[in-house]
Amino acid sequence: MERHTEVRDGIIKTMLEKSQLKQVVYDNTKEAFTILKKVLHDIVIEYNGILKDADERIKLEYRDRGLFETEIKVAGDLLIFNMHSNIFEFPRNHEIWKDSYYIDRPLVTYSGIINMYNFLADSFKYNRDEDLGYLIGRMFINNESTFFVEGRRELGFGYPAFGKNKVDYESLHQLVESAIAYVLKFDLLVPPYNDVKIVNVDYMKERINKSKMQTGKRMGFEYNAIKGLSQVDTEIK
C-alpha cells in the first residue's frame with residue numbers, strides 16, 4: 001500500500017509540474033502562431049499596397065490553412081509555417097545546455113515549435129510532388145513566451161537562448177521579413193547536363209502526362225529536415 005502511495009504521489013507531482021507546464025507552453029505557442037498569422041496578413045496588405053501598379057503575378061498572397069498551418073506566397077516563392085501540436089525537450093548535446101542558466105532551470109527549455117519551410121509556388125500549383133523544399137528555420141517558444149530561432153544566421157536571431165526575444169507582433173514581423181528577404185536571394189540553378197541527359201520512355205511519358213520534373217532551389221546550405229527533427233526528443237502533451 002505504501003509503495004502504491006509513493007507511485008501515485010510521483011505521478012501526481014509529474015502531472016502538476018511537467019504536464020501542466022506543457023499545457024502552458026502549448027498555449028503560448030498557439031498564441032504565437034495566431035500573432036504570426038496576423039503578421040502575414042498585414043504584410044500582404046502593406047506590400048501589395050506598394051506594388052499596386054506592378055504585375056499581378058509578383059504580388060503577395062496569404063492563406064490560412066487551419067489551426068496548425070499558414071502560408072504566404074511571394075512572387076515565385078512559398079513560405080509555409082507549420083505549428084507542431086506537441087511539446088519538445090532538447091537533447092543533451094544541444095547548444096542550449098552550454099549555458100548553466102538552463103541546467104539550473106530545465107523546465108524553461110520545454111518548447112513548442114513553429115517550422116518555416118520554403119517551396120517553389122509552382123510546385124504546389126502544378127502538383128509537382130517530387131519537387132524539393134527546405135526547412136529554413138525553427139522557432140522555439142517556451143513557458144515564458146520568449147523564443148529563439150534555429151536556422152540560418154540571415155534570419156537575424158543568433159545564438160539559441162530564451163529570454164532575448166519576446167513573442168510579440170514586432171519580433172515576429174521582423175522574423176517574417178527576414179525569412180522573405182532570405183528566400184528571395186536564391187534562384188533556380190540549371191541542373192548539370194550529365195544528370196539529366198539520359199531518360200527512359202516510361203520516365204518521359206510520365207513527365208509529359210503529369211508535367212513533372214523535379215525542381216528545387218539551392219539555398220546555399222544543406223538542411224535535412226527529417227534529421228533535424230529527429231534530434232529533438234518528442235514529448236507528448
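The values are calculated or read from the model by the stated rules, or taken from the named source; none is laboratory data. Remember, it's a predicted structure, so these values are computed and weren't measured experimentally. Methodologically, a virtual Cβ is constructed for each residue, glycine included, from the backbone with ideal geometry; neighbour enumeration extends over all protein chains shown.
At-a-glance table
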| quantity | calculated |
| --- | --- |
| Scan of the stretch 145-168 for residues that are of a type outside the set (A, V, I, L, M), over 18 Å from W97 (Cβ atoms) and touching a helix residue (DSSP H, G or I) at 6+ places or on another chain (Cβ under 8 Å), ordered by number | S145, R152, E154, G156, F157, N165, D168 |
| Verdict on L172 being under 30 Å from F88 (Cβ atoms), in contact (Cβ under 8 Å) with a residue 60 or more places away in the chain and of a type in the set (A, V, I, L, M) | yes |
| Filtered residue count, the stretch 76-108, keeping only those that are closer than 16 Å to F162 by Cα, under 18 Å from the mean Cα position of the chain (by Cα) and surrounded by 19 or more Cβ atoms within 10 Å (Cβ to Cβ) | 3 |
| Residue in the stretch 23-30 that is exposed (fewer than 14 other Cβ atoms within 10 Å of the Cβ) and over 16 Å from I114 (Cβ atoms) present | yes |
| Test result for V39, of a type in the set (A, V, I, L, M), surrounded by 13 or more Cβ atoms within 10 Å (Cβ to Cβ), over 16 Å from F119 (Cβ atoms) and modelled with pLDDT of 95 or more | yes |
| Positions within the stretch 118-130 being surrounded by fewer than 19 Cβ atoms within 10 Å (Cβ to Cβ) and either within 19 Å of Q20 (Cα to Cα) or touching a Gly at 6+ places or on another chain (Cβ under 6 Å) (or both), in sequence order | A121 |
| Of the criteria (1) surrounded by fewer than 20 Cβ atoms within 10 Å (Cβ to Cβ); (2) closer than 22 Å to E71 by Cβ; (3) of a type in the set (A, V, I, L, M, F, W, C), which one F140 fails | (1) |
| Residue that is at pLDDT 95 or above and of a type in the set (A, V, I, L, M), where the choices are M15, M83, M1 | M83 |
| Pairs with Cβ under 6 Å, 6+ apart, first in the stretch 178-189 and at pLDDT 90 or above and assigned to a helix (DSSP H, G or I), second surrounded by 13 or more Cβ atoms within 10 Å (Cβ to Cβ) and among the small types (G, A, S) | S178/G156 |
